[in-house]
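See below for the structure under consideration.
The values are calculated or read from the model by the stated rules, or taken from the named source; none is laboratory data. The model shown is predicted, which means the values in this text are computed figures rather than measured ones. No Cβ is skipped: glycine too gets one built from the backbone with ideal geometry, and neighbour counts run over all protein chains shown.
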Amino acid sequence: MDSGAESFGLRRAAPGEPAEDGTAPDDPFATWPDRVSPAEPDQPPAPAGDLAQDGGPDRPAAPAPVPDRVEWRVRPAGTVLKGVGAVLFAGAGLWAGQTDRVGLAIGIAGAVVLAALALRDLVLPVSLAADPGGVTVRGALGRRRIAWSDVERIRVDHRSRRGIRSELVEIDCDTELHLFSRTQLGGADCAEVVRQLDTVRPANER
C-alpha cells in the first residue's frame, strides 16, 4: 500500500550490539559506558573501643590478680630419703651393737631423728605459707604464725662452701631467723619465693 510516506526498514540489533535508537541491547549483562553502578554508601568508622583488644595500645592490660594465699610444701623425695635413712641407721646400729654398745646407741639415735623428721613431713607438709595477715612457718614441734609487722626482712641468702653454692630463703624477724632450702620449698626457686612473698605482703607493712 502506497500512502506517500517513506517506508523505513527496522532491523533487530544483534546480541551485544546497541540498537539504532541508542537503547540498551537485549543482553542485560552488556556493559555500557553511561551505565554506572550505584556507589555504595560510605561505612561509618568503627568505634575505637571495638578495635582495641585486651593488652592493645588503646586498652592497657589488666594487672595480674594478687593471690590471697601462697604456700610451699616439702619435696616428697626428701621425706622418702629420711625414711630410708632411718631404716639404714637402725640396721647399722643393730649390727654394730653386737660388739659395740656405742655404735648401737649412735645408730638408734640417728634412726629416731630421721624417723621424726620424716613423720613431721607427713603430718606438716606445708613448710612455709603466707597471706595478707602474715606468714606461717613450720617449726620443730608445729606451725608458728608471724605477723608482717614482726618481719624485718625477706631475702635470698647465697652461700658458698667448698665450691658448692646454695641458696636459702631468709625470713628475718625481730628475735628469730628462719631459713628455708629448696628441698623444704618443694624445689621452688628461692628468688621466686621471695617475689611471691613480697606480692602477698601488704604495702603498708613493707
Filtered residue count, segment 115-136, keeping only those that are closer than 18 Å to residue 75 by Cβ and either of a type in the set (Phe, Trp, Tyr) or part of a strand (DSSP E or B) (or both): 4
Long-range neighbours under 7 Å by Cβ, at least six apart or interchain, first residue under 19 Å from residue 129 (Cα atoms) within segment 148-160, second among the small types (Gly, Ala, Ser) and not in a helix (DSSP H, G or I): 148/134
Qualifying residue in segment 173-184 (condition: assigned to a strand (DSSP E or B), over 11 Å from residue 155 (Cα atoms) and without any contact (Cβ under 8 Å) to a residue 40 or more places away in the chain): yes
Residue within segment 172-192 that is at pLDDT below 90 and surrounded by fewer than 12 Cβ atoms within 10 Å (Cβ to Cβ) present: yes
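Quick check: anything in segment 137-145 touching a helix residue (DSSP H, G or I) at 6+ places or on another chain (Cβ under 6 Å) and surrounded by 12 or more Cβ atoms within 10 Å (Cβ to Cβ)?
The answer is no, given that none of the residues of segment 137-145 is touching a helix residue (DSSP H, G or I) at 6+ places or on another chain (Cβ under 6 Å) and surrounded by 12 or more Cβ atoms within 10 Å (Cβ to Cβ).
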Flag if residue 192 is under 29 Å from the mean Cα position of the chain (by Cα), in a helix (DSSP H, G or I) and either not assigned by TED's automatic domain parsing to the domain that holds residue 81 or not aromatic (Phe, Trp, Tyr) (or both): yes
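Select, from 200, 123, the only residue that is surrounded by 14 or more Cβ atoms within 10 Å (Cβ to Cβ) and either farther than 23 Å from residue 80 by Cβ or at pLDDT 90 or above (or both). If you could, list the steps in order and put the result at the bottom.
Values: 123 fails: surrounded by 14 or more Cβ atoms within 10 Å (Cβ to Cβ).
It is 200.
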Evaluation of residue 163 against (1) exposed (fewer than 13 other Cβ atoms within 10 Å of the Cβ); (2) on the phi < 0 side of the Ramachandran plot (one fails), failing number: (2)
Inter-residue pairs, beta-carbon under 6 Å, first at pLDDT 60 or above and of a type in the set (A, V, I, L, M) and in segment 57-79, second surrounded by 11 or more Cβ atoms within 10 Å (Cβ to Cβ) and part of a loop (DSSP other than H, G, I, E, B), 6+ apart: 74/125; 74/184
